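Okay, so here's the structure we're looking at.
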Amino acid sequence: MTEALRGLKWLEPPVDLLRLGCFALFVTLGLLAARAAGRPDHRRRVDLLIAYVLAVTGVVGLVQQESWPFTQWALVHHLSPKRIVSLELEAIDERGTSCVVDLRVLQPLAPEEFATWLKANLPRLGPRERERLGQFLLQRAEQGRQRYLAGGEAAPNRWILGPLAAPYHFHDARTWRSRADVPPTPFRRLRAWFLEWDVEQRLADPKRVDRRLLFEVPRRRTATTNPVPTS
C-alpha cells in the first residue's frame with residue numbers, strides 16, 4: 001500500500017493538506033479539553049481527544065505515512081544493519097595538532113543528514129567541488145572552535161535558549177566536553193573520514209574500525225622538480 005501511494009505524485013498536495021487538518025484538529029481537541037477543566041464535560045472531551053489520538057495513530061501505522069506528531073517510527077522499527085558507517089571530521093590547527101570536530105558545528109543541519117547526503121553525492125563531486133565543500137566545513141569547524149572557547153557551546157543554534165533548546169533526535173555524543181578538548185590556535189586544515197565497522201566485531205574489540213579518507217583541505221601539493229635540460 002505504501003509503495004502504491006508513493007507512486008501517485010498528484011496525491012501529495014491533498015495528503016499534505018490532510019496532515020495539516022489532522023494536526024489542527026489535534027490541537028483544537030487538546031485546547032477544548034484543557035478549557036473544560038473542572039466542568040462536567042471535561043471527562044468527555046478528554047476521552048474524545050484520546051480516541052482521536054488512537055484512531056489517527058492506527059491509520060498512520062496502517063498506511064505507513066507520516067502525519068506529525070503521529071508517526072510510524074520508520075527509522076527505528078527495522079533491524080539494525082550489520083555494518084555501520086559514520087562521518088568524522090578531523091581538524092588540524094596551525095601547530096599541527098589534530099582534533100576531532102564536534103559535529104554539532106554543522107547545525108542547523110543534522111550531522112546524520114549531512115553524512116547521508118555525503119554518501120550519496122561524494123562520488124560525483126570533482127576536485128573543485130570537494131575543495132569548496134572542505135573549505136566550508138573547515139570554516140564551520142573554526143567558527144565552532146571560537147564559539148566553544150568563548151561560551152562553551154559548539155552548536156550555533158543554541159545561542160538563544162542554550163540548554164533549553166530542543167535536542168536533535170539522533171546525535172553523536174558530545175565530542176567537545178571541556179575547553180581542554182579544543183585547541184587554542186585556529187584550525188588550518190581539515191580531513192573528512194568515513195568510519196566503518198562490523199557491529200559484532202567492534203563489540204569484541206573497540207579498535208576494529210576501518211577509516212577511509214574522503215578529502216582533505218587544503219589539498220597537499222605534490223613536489224615537482226624542474227627537468228634538467230639536455231644538450
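All of the numbers you see were taken from the coordinates with simple rules; none came from a lab. Keep in mind that what you see is a predicted model, and the values were worked out from it rather than measured. Cβ coordinates were reconstructed from backbone atoms using ideal geometry, including for glycine residues, and neighbour counts include every protein chain displayed.
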### Query
Calculated FRET efficiency, Glu129 and Arg43, Cβ-Cβ r, R0 41 Å, to nearest 0.05?
0.10
### Message
Which trypsin sites (Lys or Arg not before Pro) in segment 68-165 sit in a loop by DSSP (not H, G, I, E or B) and have at most 10 other Cβ atoms within 10 Å of their own Cβ?
### Response
Lys82, Arg95
### Table column - 3J(HN,Hα) (Hz), segment 80-93, Karplus curve with 6.51, -1.76, 1.60, x for Gly and Pro
5, x, 6, 10, 10, 10, 9, 9, 9, 10, 10, 10, 10, 7
#### Entry: Sites matching chymotrypsin sites (Phe, Trp or Tyr not before Pro) across segment 46-154 that sit in DSSP coil, with at most 12 neighbouring C-beta atoms within 10 Å
Trp73
### Message
Output wanted: per-residue J couplings in Hz (rounded whole) for segment 114-120, from phi through Karplus 6.51 cos²θ - 1.76 cosθ + 1.60, θ = phi - 60°, x for Gly and Pro.
### Response
5, 4, 5, 4, 5, 4, 7
### Query
For Arg83, what is the net charge nearby, where nearby means another residue's Cβ is under 9 Å from its Cβ and Lys, Arg count +1, Asp, Glu -1?
-1
### Task
Once you have a ≥ b ≥ c as the square roots of the Cα gyration tensor eigenvalues for segment 95-204, tell me rounded if a/c is under 1.5, and otherwise prolate or oblate according to whether a/b is larger than b/c.
rounded
#### Entry: Extended-chain gain in nm, criterion 0.36 nm per residue less alpha-carbon gap, Asp181 and Glu200
3.9 nm
### Message
Applying a 10 Å radius around every beta-carbon, put 189-198, 32-41, 210-219 in order of their mean neighbour count, most first.
### Response
189-198, 210-219, 32-41
## Note on the structure
Here the net charge surrounding Leu122, from other residues whose Cβ is less than 15 Å away from its Cβ (Lys, Arg +1; Asp, Glu -1), is +1
### Query
What distance in nm separates the simple spin-label points at Gln146 and Val100, each placed 7 Å from Cα in the Cβ direction?
2.6 nm
